[in-house]
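First comes the structure, then the notes that go with it.
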Amino acid sequence: MGRGKRILITGVSSYLGLRLAKRFEHDDDIEAIIGVDLQEPPVPIGKLDFVPADIRNPLIARVLDSTEVDTVIHTNISSHPSRLGGRSQMKENNVMGTLQLLAAAQRVKRVTRVLMKSSTAVYGMGPKEPSIVREDHDNRYAHLYGYGKDCSEAETYVRDFARRRRDVEVVILRMQSLIGPTVRTNMSDYLSLPVIPTAVGYDPRLQLVHEEDAVEAFALATHGAPKGIYNITGRGVVFLSKAIRMLGKVGLPMLYPAATAAGSVLRRVGTVDFPPDQLQFLIYGRVVDYKRAREEFGFVARYTTEEAIADFRDRRRARDEVSA
Amino acid sequence: MRNPANDNVIRLDARREPQRCGATTTSGRPCRNHALEGERYCHVHRRQRHNVPAIASGSPIGDEEQHGELVDGDADASVLDRLSAFMSRRLKGDYPIDEFGYDEELSRAILLPLLRPLYEHYFRVRTLGVSRIPSEGPALLVGNHSGTIPIDAVMMQYAVAAEHPAERVVRSMGADLVWAAPFISHLARKTGSAVACDEDAYALLERDQLVAVFPEGFKGVGKGWSERYRLQRFGRGGFIEVALRARVPIVPVAIVGAEEAFPMMGNAKALASLLRLPYFPITPTFPLLGPLGLLPLPSRWVIEFGEPIPMDGYPDNAADDKMFVLDLTDSIRDRIQQMVYKGLKYRGSAFL
């Protein structure tokens, strides 16, 4: 048997890392999985070598070296300030974590492939943004907040890394908001509210990716994506009003200033992460193009946005939820 | 480089009494609508004769699956049944939209019919050369923009949807002001508009859509009465670059009548900057009569679609040759200007 890939997954206890490790359990092309996170994964995973570590710790360099990994899958980028102990902690984790991880990986010659989870939040939203955003869209003038800003900065480090280590294939997957029966995201929190706040006079288009499709995209990209940036999303869009109706809920249209106030109250109470870009989202929405992922490594989502929402409604099991 | 825009003489039909529709209405009287160009019937009766479905004769856009279609081929279903099915589908939200948010069912079944009185009886629009628009495949409509509020784009969309043999939908490119405005932005999405940027233009043309641009932008709609029917600067040639790269034909469009519908007598600049608007119009009725002043005056309109100008046949790097692009932009602007002058002559009196 030929030598399979030795992969390191950061954020192995969060949704994508966990499911990806689970998926590679029986993959013969994967020889070893090294999982890094602060907490141990909630379910046992075969082949997994769990290393309890913070990627911001320079110790990560030794882990990379001693485990002889050739592929680094960086999923440890979080959009939940409330679960990380606040926004500044979240930024530390997302931006400094990426910086430290890449600094370590740069010295390890055996690493030939780096995959990073990013988000379509890097595009920003506004009246001048295209209706369907492609990967090469220029976001220099976009006003980014929180998660989108973190992802954008982390991507800059990844691009710098790619410039310094030209022998490494670097792949960035910009994920559309995940939804599904077991993943917990800002979007699933939002759509789980008893009444769903919306903005008066606006009905944004919603485009989501089903959790299984998101994992599938990472698995495909691990084996075959040429270096580059790819949007990962489900097909089709629905208006927010329709999504609310599908879920059997009621929308609560709010005037923009009221929504801003309500968002900060909710944030403070800690029931739901309602960052400022969520407000922009209620007005403009964000839809991305997915052709590149299909053409370059054959990823086509099995679920449309509508089907993903229906699945979220029908099969949701709150107790098994894993945060993204 | 040869420039096709110059060596084409613009033909315009001589003014003639328009042909009436040959059908008889349900009340037994002869139909008073104008017949479509080259056809015996008006757009209402043509549909009945040829049994053209009222909705969704075109293909769904992109990879979207179409969930429900409003079919009127089912002769047995009573009008009431169909209406209740339509209503329940609308209420459940069980209707398809494309990725841009275009809701074909709503547009064709509700919104376009609402525009008919405005188009036929109020503005009495005469549409010429609509069959010059290709029946399928992508094309870029380039028109003059006027009339303070962009009602000319709406009338053009109605003209193509109602009078073109393939009843094509026009996808207009809307400025950011539209997309920031509550209610209006949503309505624009549902009726098929997209954001005025290169990305959206390419994306729509790739999906074989008919895209409309008004390169004058706010300079066109916000110009004063003394400048009426004088075309302003045609953007920066962006639309030509898009057409060249996408290799789609340009259809020049001249719209006459919008200037008199909202004659802009003055511009309250201080108020405009306070409200963050590109201009604040003062017309004979607005703001004098308040919201009532937003009603357009009953001007007579002419919309002419010119012969398509092919954009293939140029070298691959033609779009990068800025000089060539600007020349071509100017010649298309001149051409539309000439069409506007002829349209004015053809129309005669502005209101009667």
**Prompt:** For the stretch A:106-220, which strands (runs of 3 or more DSSP E) that fit wholly inside it have 1 or more residues that are among the polar types (S, T, N, Q)?
**Reply:** A:113-119, A:195-199
**Complete:** Across the stretch B:121-141, the tally of residues that are part of a strand (DSSP E or B) and aromatic (Phe, Trp, Tyr) stands at 0
**Check on B:Thr191, of a type in the set (S, T, N, Q), within 14 Å of chain A (Cβ to nearest Cβ) and in contact (Cβ under 8 Å) with a residue 40 or more places away in the chain** = yes
**Prompt:** Inside the stretch B:155-182, can you point out the residues that are away from chain A (no Cβ under 14 Å) and of a type in the set (Gly, Ala, Ser)?
**Reply:** B:Ala159, B:Ala161, B:Ala162, B:Ala166
**Request:** For residues that are surrounded by fewer than 20 Cβ atoms within 10 Å (Cβ to Cβ) and over 19 Å from A:Glu216 (Cβ atoms), tally how many sit in the stretch A:1-42.
**Result:** 12
**Request:** Name the residue, out of B:Leu187, B:Leu177, B:Leu210, B:Leu231, that is more than 11 Å from the chain's Cα centre (by Cα) and farther than 30 Å from A:Pro253 by Cβ.
**Result:** B:Leu231
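Residues are listed down the side, and each one gets a yes or a no for (1) of a type in the set (Asp, Glu); (2) surrounded by 17 or more Cβ atoms within 10 Å (Cβ to Cβ); (3) modelled with pLDDT under 90; (4) not in a loop (DSSP other than H, G, I, E, B):
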position: A:Gly46; (1), (2), (3), (4): no, no, yes, no
position: A:Ser78; (1), (2), (3), (4): no, yes, yes, no
position: A:Ser88; (1), (2), (3), (4): no, no, yes, yes
position: A:Leu101; (1), (2), (3), (4): no, yes, no, yes
**Message:** Testing B:Ala85 on (1) out of contact with any helix residue (DSSP H, G or I) (no Cβ under 7 Å at 6 or more places or on another chain); (2) modelled with pLDDT of 80 or more; (3) within 22 Å of A:Tyr290 (Cα to Cα), one condition comes back false. Which one is that?
**Reply:** (3)
**Request:** Please determine, by comparing only the residues of the stretch B:88-110 that are over 23 Å from B:Ala161 (Cα atoms) and free of Cβ contacts under 8 Å to residues at least 12 places away in the same chain, which one is nearest to the other protein chains (Cβ to nearest Cβ).
**Result:** B:Gly93
**Asked** How many residues, within the stretch A:136-152, are surrounded by fewer than 18 Cβ atoms within 10 Å (Cβ to Cβ) and within 14 Å of chain B (Cβ to nearest Cβ)?
**Response** 5
**Message:** Go through (1) buried (at least 22 other Cβ atoms within 10 Å of the Cβ); (2) touching a Ser or Thr at 6+ places or on another chain (Cβ under 9 Å) for B:Pro165 and report which single condition fails.
**Reply:** (1)
**Request:** Find the helices (runs of 4 or more DSSP H) located wholly in the stretch B:155-262 whose residues include 1 or more that are closer than 14 Å to B:Val142 by Cβ, and list them.
**Result:** B:198-206, B:218-221, B:238-246
**Item:** Residues within the stretch B:311-345 that are of a type in the set (S, T, N, Q) and surrounded by 21 or more Cβ atoms within 10 Å (Cβ to Cβ), tallied
**Value:** 1
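The values are calculated or read from the model by the stated rules, or taken from the named source; none is laboratory data. From a predicted model like this one, the values you see are computed outputs, not experimental measurements. When we count neighbours, we look across all protein chains shown, and the Cβ atoms used for this are built from the backbone with ideal geometry, even at glycine.
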